[in-house]
Structure formats: structure tokens, C-alpha cells
Amino acid sequence: MKAIVINHTGSEDVLVLADADDPVPQPDQVLVEVSAAGVNFIDIYQRSGLYQMSLPYIPGSEGAGTIVAVGTEVTTLAVGDNVAWTGHLGSYAQLVAIPAAGVVRVPDGVTNREAAAAMLQGVTAHYLVTSTFELGAGHRCLIHAGAGGVGAILIQMAKRVGAEVFTTVGTHDKAEIASAAGADHVIVYTEIDFAAAVTDIAGPKCLDVVYDGVGQSVFMDSIKLLRRRGTMATFGNASGPVDPIPPLLLSQLGSLFLTRPSLGDYMQTREELEWRTSELFGWMASGDVNISIGLELPLASAADAHRLLGGRDTTGKVLLTP
Ligand code: NDP
């Protein structure tokens, strides 16, 4: 098969299309012909060496496709079924072998392409608003990078439950995307001080929660906007990892809660995976959540996909098609 194989970590140039052995499914696995693989920031962190990987490896931990073989112990899935996954490496390839317990069926009415686009960022947004800080009507939240993959889904999930949404974006074009997703207040933080803008609109220390995937460049200004006992969910490092802070600062700012959540910890059981994906697919079907695919490239262009995502030049989801 053709796959992107990473032999050493580094710049985008290490993403090279190569011939690789077809994976052979273990007894508990299914072999899937990949229809589309999602491109995510974690792929960049792994490729660059920020997150350690054993080499060589085939990147990509999200996708959807059609089962072409099943292991001897698999009884719940069959050849021809369409399935989607997140959290399993090897997706930048024509074929991938995945434990049957780690995939979900793509429901009727959702294409493999849409499912691939929804899994990682959609489940992330789901756990952030349901489990990290259970968002509800009347809450005020700040969502950074509101035109991005996770950001645009988060906005829609926050509006679904009646929260007031502040969001930041890098450009005016992205502001239109965040507004269309339903954000109440869109701030172009490359032009104005976002913390001052939030305070001007709603007063000092007005937020119940900040969902922050941008990290280093916005962290300190963000936590100062939280109300007493507010929650800072710093879930990503798009601008770089957040610097350490003394716990005492959380006390001084009003007994804040600080968490650095990770998708794997919120997808611990089969039940949790099914709960999150069935709600996500349900909201997609009802129109509450629209997954926007901003860019689709062939597998051979994986390096371009990383350059554009890492360079702030994408909106919504980035997909690779083998
Ligand atoms: P996005 O599509 O949101 O792209 C990242 C965005 O961050 C950019 O488009 C840009 O938007 C903004 N940004 C601000 N500063 C920078 C910078 N210096 N370099 C690059 N981007 C910057 O990506 P994803 O939706 O895939 O991921 C968003 C974040 O969520 C990432 O940090 C990712 O690691 C994290 N994540 C965490 C998960 C978890 O479970 N912890 C799971 C999934 C994702 P703008 O121009 O508008 O500022």
C-alpha cells in the first residue's frame, strides 16, 4: 500500500509518500480501506518531536473507511461496513488495521468523509462541554481560535445549550466563519486586545470557563477573565506549550480550576466512545452541529496540509484522501 512513513522527526519535509507493507489484522482487529484521514495538531506535535514517538511510524490518528477484512475474533463488524475512528495511529495510509473495539459505525446519512472530519475534533469538543466543564444556559465561555476545527464545533455545541459565546480569531475572514457558527462576540485578537474587548462587553472577571487550544500566547490574559471558581481548560498548544504557573496564582485569581485535558482520558471505555460519537453524529444529523471541511488534499500532499494547518492558514477540518 501507499502510506506516509515518518523515519525521523522534524519539519514537514519528513512527510514522504512511500510503499509500505499492507497491515495484517490481528484477531481482534479490522482492516479498513481508508476513505479519508483527518489532519490534526497532534500529528504536527508528533512529527515535530514535541510529543515523543517510536520510529518509524505512519502518522494520523483519525479517519473513516470501509472494512475489507476482519480478524478471527471479530463478530460485531463485517466486510463492507463503514467505520470511523480516532486515537489509532496509521491513518495517513490506504489501509489501516484497528481494534474492532476502537471503531464506530458511520451512521446512515453521514458520509465516510464527514465522519473522518468529525471524529477527533468533534469528540474533543463534546468532552470539553459535557465533562471538562459542563456548559449550560447562562454560562459565559471564551473559545479561542473559533474558526478552527475544534473551535467552530465548540461554538456550535455551546450555542446548542444556550451559553453566551465569546471567541477569538486571527482574521476578518475567520470572523465571518465564527459568526456563522453562532458566536455572540467575535474578537479579531491579532488586531485588538482580546481581554480588554471581553471586559468592555461583559465587565471584569465575567467568564465561567475558557476553552483554550491556542496555549502560550493567550493563556495568562485568559485566566484573568475568569470569575471566582471559574475553569481554565487549556487543551492545546497551537501557539506553543503554556509556561508553568505557581498554584498560588489560581488562589489569588479567585480559587480557579485549571485543567489540561486530553482526548484519551475522556474516551476510556467503549460506552464513553459510543455516548460521545452517537451524540455527535445525532447533532450533525439534526443540523445542530455542522462540520465544515475547509481543505481536502491527496495523501501525497501531507506536508502541505501540515504547513497550512500549523501556519494558521486553514479553517474547519483538513482531510487527506488516499
Ligand atoms: P485549528 O484548526 O484550531 O488550528 C489552530 C488555530 O490556532 C489556527 O488556525 C489559529 O487560528 C490559532 N493559532 C493561534 N496562534 C497560532 C500559532 N502561533 N500557530 C498556529 N496556530 C495558531 O486546529 P485544531 O482544531 O486541530 O486544534 C486546535 C487545538 O486543539 C490545538 O492546539 C490542538 O492541539 C488541540 N486539541 C487538543 C485535543 C485534546 O484532547 N487535548 C484534541 C484535539 C485538538 P487563528 O488564526 O484564528 O488564531
Translational diffusion of region 137-260, µm² s⁻¹ [Kirkwood Rh, Cα pairs; Stokes-Einstein; 10 °C; 1.306 mPa s]
112 µm²/s
Among Q26, Q94, Q268, which one moves the most in a GNM of the chain with springs linking Cα atoms closer than 10 Å?
Q268
Taking Cα atoms only, helix 172-181 is inclined relative to the longest principal axis of the chain by an angle, in degrees rounded to 10, of 80 degrees
The chain - Rg (one decimal) and Dmax (whole number), Cα, Å:
19.7, 62
When only Cα pairs under 8 Å and 6 or more residues apart are kept, what is the percent relative contact order across the chain?
18 percent
Gain in span if fully extended, D265 to D21, counting 0.36 nm per residue against the direct Cα distance
84.7 nm
Can you run phi through the Karplus equation (6.51, -1.76, 1.60; θ = phi - 60°) for region 17-29 and list ³J(HN,Hα) in whole Hz, with x for Gly and Pro?
6, 9, 7, 9, 5, 4, x, 10, x, 5, x, 9, 10
Calculate the spin-label point distance for D313 paired with D221, positioning each point 7 Å from the Cα along the beta-carbon direction, and give it in nanometres.
2.5 nm
Between K205 and T66, Cβ-based FRET efficiency (R0 51 Å, step 0.05) works out to 0.50
Point-to-point label distance, Y51-D184, nm (Cα→Cβ direction, 7 Å offset):
3.3 nm
Can you compute the charge dipole magnitude of the chain about its Cα centre, using +1 on each Lys and Arg Cβ and -1 on each Asp and Glu Cβ, nothing else charged? Give it in debye, rounded to the nearest 20.
820 debye
Sort 64-75, 207-218 by the packing proxy (mean of other Cβ within 10 Å over each peptide's residues), most packed first.
207-218, 64-75
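None of the figures in this text is laboratory data; all of them are computed from the coordinates on show. Keep in mind the model is a prediction, meaning the values are calculated, not measured. Every residue, glycine among them, receives a Cβ derived from its backbone with ideal geometry; neighbour counts consider all protein chains shown.
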